[in-house]
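The values are calculated or read from the model by the stated rules, or taken from the named source; none is laboratory data. Not measured: the values here are computed from a predicted model. Heads up, the Cβs are rebuilt from the backbone with ideal geometry, glycines too, and the neighbour counts pull from every protein chain shown. With ligands, DNA and RNA removed, areas are computed over all heavy atoms of the protein, side chains included. Shrake-Rupley method; radii C 1.70, N 1.55, O 1.52, S 1.80 Å.
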Amino acid sequence: MEIEAELKGKLEQLYNRVESLKDQINTEEATKNAFIMPFLQILGYDVFNPTEVIPEYVADIGTKKGEKVDYVIKKDDQVVIIIECKHWKENINAHNSQLHRYYHVTDARFGIITNGIVYDFFTDLEKPNIMDNNPFLTVNLANLKDSTIKELVKFTKATFSIDNILESAEALKYVRALKNEFEKEIQEPSDDFIKLLARRFFDKQITAGRLEIFRGYLKRAMTSYFNDSINTRLKTALDINEGKALQPKEDPVSPEPMVEDDDESRIITTEEELEGFQIVKAIVREKVPASRIAYRDTISYFGILLDDNNRKPICRLHFNGAKKYIEFFDKGKDSSEKVLLDSLDDIYTHKERLLHTVEIY
């Protein structure tokens with residue numbers, strides 16, 4: 001839709017602004033002015049209209065007087081959204097309880113906590129007037145997705161409707177929860193998950209020893225499955241491109257022939273690379289959510305990135321030669337160091353370097 005494309009374009013421009021200015025933004029107040037107010041403006045709200053967007057809104061909590069929410073948004077003179085802001089370097093997950101308290105003493109149906117880059121959206125699906133512990137929607141300016149933009153459109157001033165948002169919030173919440181559980185099972189299969197699958201084809205008692213054997217089998221099976229799936233999609237894309245290139249030239253409605261990218265066709269993601277990715281992902285999840293960790297395979301190396309952003313390399317795996325190396329960026333993205341690996345397990349010995357790398361971003 002045109003409105004979604006327009007919104008995404010404006011948010012991408014905002015993120016470019018964030019990237020260029022953030023090192024000069026040293027306070028929470030500056031984060032609000034430089035990053036968060038422009039975000040609200042993009043959603044269509046007049047941040048300079050005190051009847052619509054109210055800063056420092058008083059939300060007394062019991063005997064604690066003078067407590068203030070950073071912003072509230074009103075519609076038809078009713079508070080509908082409260083917004084708690086943090087400095088762009090802060091992890092907003094550490095401040096959910098503060099937003100939870102404010103939500104309880106206002107009439108808002110939605111709460112947002114943000115550091116100007118990540119925006120977590122909450123409501124009260126589980127208990128009326130008590131904010132859920134987990135967000136139903138997360139907007140990360142560094143990793144904008146079309147599915148996220150589609151939901152964010154509902155929060156724009158022009159289309160805002162409490163009923164419409166709540167209608168999809170429950171589905172978003174539980175899909176997200178199921179996705180998170182699935183990711184956990186992929187990274188470290190639980191005993192229950194292993195038994196659930198094993199009992200479909202193994203009719204003997206599953207002893208502790210047998211359980212560990214099946215754990216290894218399952219990890220290999222999942223790695224193989226995802227590797228095959230990736231390569232199948234790549235082959236399909238290449239076949240489509242080849243088919244387009246072979247279309248008759250005299251067909252006036254045929255698109256321009258596409259030339260197959262020789263480099264791309266030579267990229268093969270191996271099981272070892274995917275296993276290495278899972279190890280790195282498991283390590284850095286101590287600092288960032290799994291959803292922010294991505295990879296891009298190339299001919300020269302297998303890159304692991306934060307927010308799927310080439311400017312935020314976590315490390316690179318060089319597994320295509322006789323010897324295996326891991327390349328670190330803990331001294332900055334422009335200063336890397338390769339380290340020899342005797343086995344994939346050696347990656348665990350470099351845990352602190354990997355954690356430090358995500359911290360500097």
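Pairing residues of the range 267-289 that are basic (Lys, Arg) with residues that are modelled with pLDDT under 90 and assigned to a loop (DSSP other than H, G, I, E, B), at Cβ distances under 9 Å and at least 6 apart in sequence or on separate chains, gives LYS287/ASN91. For ALA171, the criteria (1) surrounded by 17 or more Cβ atoms within 10 Å (Cβ to Cβ); (2) in a helix (DSSP H, G or I); (3) under 20 Å from the mean Cα position of the chain (by Cα) hold in every case but one, which is (1). Selection over the range 121-159 of residues that are out of contact with any Gly (no Cβ under 7 Å at 6 or more places or on another chain), among the basic types (Lys, Arg) and either closer than 23 Å to TYR361 by Cα or in a loop (DSSP other than H, G, I, E, B) (or both) gives a count of 1. Quick one: is VAL80 under 16 Å from ILE113 (Cα atoms), part of a strand (DSSP E or B), at pLDDT 90 or above and out of contact with any Leu (no Cβ under 8 Å at 6 or more places or on another chain)? Taking the combined requirement at face value, the residue satisfies it.
In the set GLU264, GLU260, only one residue is part of a helix (DSSP H, G or I) and at pLDDT below 75; that residue is GLU264. Taken over the range 93-141, the criterion of being closer than 30 Å to GLY9 by Cβ and of a type in the set (D, E, K, R) is satisfied by ARG109, ASP120. The helices (runs of 4 or more DSSP H) found wholly in the range 1-59 and carrying at least 2 residues that are surrounded by 12 or more Cβ atoms within 10 Å (Cβ to Cβ) and of a type in the set (Val, Ile, Thr) occupy 2-21.
Working only within the range 339-361, note down all residues that are of a type in the set (Asp, Glu) and surrounded by 12 or more Cβ atoms within 10 Å (Cβ to Cβ).
ASP346, GLU359
Of all residues in the range 164-183, those that are on the phi < 0 side of the Ramachandran plot have Cβ atoms under 7 Å from Cβ atoms of residues that are of a type in the set (Ser, Thr, Tyr), 6 or more apart or on another chain, in LEU166/THR123; ALA169/THR123. Return the residues of the range 304-338 that are open to solvent by less than 50 Å² (accessible area, probe 1.4 Å) and acidic (Asp, Glu); say none if nothing qualifies. Hits for the range 304-338 are ASP307, GLU327, ASP330. Entry remark, the range 96-113: residues being surrounded by 17 or more Cβ atoms within 10 Å (Cβ to Cβ), part of a helix (DSSP H, G or I) and of a type in the set (Ser, Thr, Tyr) number 2 in total.
Residues of the range 285-298 that are in contact with a helix residue (DSSP H, G or I) (Cβ under 6 Å, 6 or more places away or on another chain) and open to solvent by 30 Å² or more (accessible area, probe 1.4 Å): LYS287, TYR295.
Among the residues of the range 178-194, the ones that are open to solvent by 70 Å² or more (accessible area, probe 1.4 Å), within 17 Å of LYS281 (Cβ to Cβ) and part of a helix (DSSP H, G or I) come to 4 in all.
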